[in-house]
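Everything below concerns the one structure shown next.
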Amino acid sequence: MEKLHIMCNLFERQLQIIDGLMLGDGTLERRKPTHNASLKVHRCLRDISYRNWLAKELSSLLTPKSCYENEIFDKRTNRKYYHASFRSKCCPCLTPIYDRWYPNGIKSIPSDLKLNPLTLAVWFADDGSLYNPTNYALDMKFATHGFTAADVERLKDILQDYTRREFRVYYEKGQPTIRGFSDASRAVLRIIDDVFPSLDRKSEIWRANNYRLFHGKPIKPVCPRCTIGKVYSYGRTRKGVQKFKCVSCMHAFQSQYERSMHNVYYPTLSRP
C-alpha cells in the first residue's frame with residue numbers, strides 16, 4: 001500500500017475509500033490500454049447525499065461536470081430508474097489502482113488488500129445490508145456477486161481475520177454472499193459506526209435502536225448468595241430499580257442498592 005500511495009499521489013484516506021468502492025459498486029475503466037483509468041460510481045437518486053460525500057472526498061479526481069443525475073430505462077422491468085452518479089477524469093494516479101484490481105481485465109481481490117474502518121464502512125454502504133429478525137438478533141450480508149467464488153472465500157477470510165469473528169459464504173440463486181450473524185454483525189458495526197458516511201437509510205437501522213442492537217442482550221448479574229444459579233428479571237422496586245431472582249436458591253435481590261456494599265457483581269465481557 002505504501003508503494004501504491006507513492007505511485008498514485010493520493011491521500012491514504014482516498015485510497016481507503018477507493019478500495020471500499022471497488023469491493024462494492026465502484027468501477028474502474030480504461031477505454032484503451034494506452035489510456036489512463038477513470039472511476040465511475042452509480043447510486044440511486046435517494047442516495048444523493050452519499051454520492052455528494054464521495055465526490056467531496058475524491059474531489060481531486062473530479063471536474064465540475066463529473067457529478068450528474070440521470071434516468072435509465074430498464075427493459076427487463078419496463079421501468080425508469082433515477083441515478084445520482086459521478087465519473088472521474090482519466091487520471092494517471094488511477095491507472096496503478098486499475099492494474100491492481102483488474103490484473104487480467106477482470107475485477108478480482110488484490111493480494112495485498114487490507115481492511116480498515118473506512119474501507120469496511122464504504123463497502124457496507126455499497127453492498128452491505130442489515131436485518132433484525134428478532135429483538136436482539138442481527139443478520140448482516142455483503143453482496144459479492146461481482147467476484148468469483150474463490151475471491152469471495154478469500155475475502156471472507158480477510159474479513160474474519162480483521163474482525164476476529166466468524167463469517168460464512170452462502171449462495172443465493174447461484175451467487176455467493178458473505179453473511180455474519182449477531183456477534184459478527186455487532187463487531188462490524190462497532191468498527192464502522194464512527195466513520196460511516198452520509199447514508200441514513202442504512203445507519204439508522206442500528207442507530208435508531210442503538211443499545212438494543214449495538215450491545216445485544218443486557219448482561220444479567222450473578223446471584224450474590226450462591227454465585228452459580230441463573231437469574232431472571234423479577235420486576236422493579238418503587239424507585240424503578242431492577243430486581244432479579246435466582247432459580248437455584250430462590251434468592252431475590254436488586255441490581256443496585258443505596259449502600260454500595262450490597263451492590264451485586266456483574267460479569268464483564270471482553271469486547272473489541
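The values are calculated or read from the model by the stated rules, or taken from the named source; none is laboratory data. From a predicted model like this one, the values you see are computed outputs, not experimental measurements. Cβ coordinates were reconstructed from backbone atoms using ideal geometry, including for glycine residues, and neighbour counts include every protein chain displayed.
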Inter-residue pairs, beta-carbon under 6 Å, first more than 13 Å from Ala252 (Cβ to Cβ) and in region 220-241, second surrounded by 15 or more Cβ atoms within 10 Å (Cβ to Cβ), 6+ apart
Lys220/Val231
Number of the exception - Pro33 against (1) crowded, with 18+ Cβ neighbours inside 10 Å; (2) over 24 Å from the mean Cα position of the chain (by Cα):
(1)
Complete set of residues in region 117-150 that are more than 14 Å from Arg186 (Cα to Cα), more than 11 Å from the chain's Cα centre (by Cα) and crowded, with 16+ Cβ neighbours inside 10 Å:
Ala143, Thr144, Gly146, Phe147
If you go through region 94-114, how many residues are buried (at least 20 other Cβ atoms within 10 Å of the Cβ) and in a loop (DSSP other than H, G, I, E, B)?
1
Some residue of region 97-105 being at negative phi, modelled with pLDDT of 90 or more and among the basic types (Lys, Arg):
yes
Of the residues that make up region 184-204, is at least one at pLDDT below 85 and farther than 17 Å from Asp127 by Cα?
no
